[in-house]
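What follows is a set of notes on a single structure, which appears directly below.
Read the figures in this text as sums done on the coordinates, not as results from a lab. This is a predicted model, so every value here is computed, not measured. Reconstructed Cβ throughout: ideal geometry from the backbone, glycine too, with neighbour counts over all protein chains shown.
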Amino acid sequence: MIASVFGALRRRPLTALCVGVLSSVAAQAASAADCPGHPDAIGTSRTIVVDPRAHPIIGTMQYNKTLPLEDREVVLTFDDGPLPKYSNQILDILAAHCAKATFFLVGRQANGNPEGVRKVRDAGHTVATHTQNHPSGMHLLPLDRSKQEIEQGIASVTAALGDGTAPAPFLRIPGLRVNDGMEAFAATKGLQIWSADFPADDWRNVSANRVYDLAIQRLEAKGKGILLLHDIQPRTVEALPRILRELKTRGYRIVHVVPATADRPATPTEPAQWQLHPPSETVAISRWPKVPKFAAAGPAALPVPALSHLDWRTTDLGLRTARRGRGVPLPPAALWPRQTTLPPVSTLAALPVPAASLFKIQESARLTLLAPSPRRAAAAQARLTEASSAKVAGKSRRQPGVAATQPLAPAGHAEQSPQSAGVVATKPAAQAKRNGRSVRVAGLKKR
Ligand SMILES: [Zn+2]
């Protein structure tokens, strides 16, 4: 009935926010109606049916999958019972809240208190198993021993139920100390291994307040998930009513989980719902998507393409093939890389050997290599200009200022020809021009 109320609400064309608010209100109203005499009860908002074979491992404390819960949905789980002194109180508290949970019972405890097992079942909770003797280091046991623990636990709880029914194929390994062998064995048996999404550390020597704080804080951190508690601890009995009240105040909803059977098909879900927080399209993923395993879906061999399908540029190849009348042969020589013919050795010997003088750095080039300061360069240029002027003046006294106002060599040419003595004089000027400053060569002549 509750599920139909949710379904009706979701079919309305409302915004997500409105749906959330109305769902919360509807859930509270439903819980109060479904839990007569307890108006403050949180209730059980819905029941989901899961197929263990489809999802053999769950719980984000150890795996990357968990139950397909919506935001603010919580699944309550209790381990290690039944122990009458405390387990009965836990059942009473849950009954007062009409909250359904999953109990992972220990076979030895079931043997000692079969009535406690039946109480859990009769109260409508899910009965699951937690091995026979609750070994603390189960991951260190030989696999045969682990298998025995698992199977004996199931057998003991089945015997305690006493009606021929078996517990749910849900299994929690003591201390969550599971290994690959146990996982593989559970999968072959159709058992679903339940880790958890957050514990409340109620097996440790902490106060009930601490248990309450951890339960709420860790739930808030993940927003939904499987809460791991123990129904054999007095601190859990003390903390549980506060936890349930706070969950209701904060808008959380309790979800009951049952296994799929022949008469009860699994609740339809999408794979992404089994992730605690499925990646959003707006969030960049840090890993590349997996390369799919490609498999041939058609005939084992593909037909050889006809030559006409190929875009050959070499017409000779087609002609040659046509003459041979066969399929498509390999070209006689590799088309790529292209083969180049080297010149004969005698040709190489005929090339002129460069003279050693070509590699000799002239003495005057040192000034350029040492990058003279602008002042020294200007002085050197002035000296060269004066010498040149004197030379020109000697040739033609009628044009005394020509040599002084013209550079001895173009700036670009000077940079490309370090052998020229004129480089030393012109390079600072060219450099200065590039830097946006002008150098008045004529003015230097006056110094
Ligand atoms: Zn345990």
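Structural remarks
- Odd one out for LEU83 among (1) touching a Leu at 6+ places or on another chain (Cβ under 9 Å); (2) within 13 Å of the ligand (Cβ to nearest atom): (1)
- In region 169-190, residue nearest to the ligand (Cβ to nearest atom) [restricted to those that are farther than 13 Å from ARG53 by Cβ and touching a Pro at 6+ places or on another chain (Cβ under 8 Å)]: PRO174
- Count of residues meeting criterion [of a type in the set (Val, Ile, Thr) and crowded, with 24+ Cβ neighbours inside 10 Å] in region 92-126: 3
- Test: residue in region 139-153 that is in contact with a helix residue (DSSP H, G or I) (Cβ under 6 Å, 6 or more places away or on another chain), surrounded by fewer than 19 Cβ atoms within 10 Å (Cβ to Cβ), touching a residue at least 24 places away in the same chain (Cβ under 8 Å) and among the aliphatic types (A, V, I, L, M): yes
- Answer from ALA99, ALA166 - the residue that is away from the ligand (no atom under 13 Å from the Cβ), in contact with a Leu (Cβ under 7 Å, 6 or more places away or on another chain) and not in a helix (DSSP H, G or I): ALA99
- Filter result (over 21 Å from ASP92 (Cβ atoms) and in contact with a helix residue (DSSP H, G or I) (Cβ under 7 Å, 6 or more places away or on another chain)) within region 241-251: GLY251
- Positions within region 160-193 being buried (at least 23 other Cβ atoms within 10 Å of the Cβ) and more than 20 Å from LYS65 (Cα to Cα), in sequence order: ALA160, PRO167
- Residue that is nearest to ALA186 (Cα to Cα), among those in region 141-159 that are within 16 Å of the ligand (Cβ to nearest atom) and in a helix (DSSP H, G or I): ILE150
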